[in-house]
1. Using a Förster distance of 30 angstrom, determine the FRET efficiency expected from the C-beta separation of Ala43 and Asp73, and round it to 0.05.
2. Which residues' amide hydrogens lie under 5 Å from the amide hydrogen of Gly57, considering only partners 5 or more residues apart or on another chain, with H built in the peptide plane?
3. Short version: ³J(HN,Hα) in whole Hz for each residue of segment 46-62, in order, from phi by Karplus 6.51 cos²θ - 1.76 cosθ + 1.60 (θ = phi - 60°), x for Gly and Pro, what are they?
Amino acid sequence: MARGAAEGTAPSTAARSRHVAPMTPVVLVRGGHEYIVNSAALAKWSITKATPPPAGGRITRYADGELNGELVDAAKSLVTLPAGKPRTLERRAVFTALGDL
């Protein structure tokens, strides 16, 4: 089982982001080693169950093989973040919305 799935953190955050922004790609930067993305982000960057993880990276999955939205280390290279940092209020809004579910 994926590390995030075992801890109950990453997949639940990804699952909650589907409800907050189901049609908008959401990428949560979690520390320096992983991104948590929603289904819209997986689709935007064409990351599927068939996508091989890059060398030195991991695309984690649920026990049934479905993607759970966690991209670790080199797998983060599959996603392109916009330039600059999000503004503080935007960040608060996303985290507040995720926490309210």
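Here, each number is a calculation from the coordinates, and none is a lab measurement. Just so you know, these numbers come straight off a predicted model, no measurement behind them. FYI the Cβ positions are ideal-geometry reconstructions off the backbone, even for glycines, and counts take in every protein chain you see.
1. Here the calculated transfer efficiency is 0.85.
2. Long-range HN contacts for Gly57: Ala74, Ala75.
3. Coupling constants for segment 46-62: 6, 8, 10, 4, 7, 5, x, x, x, 3, x, x, 9, 10, 7, 9, 6 Hz.
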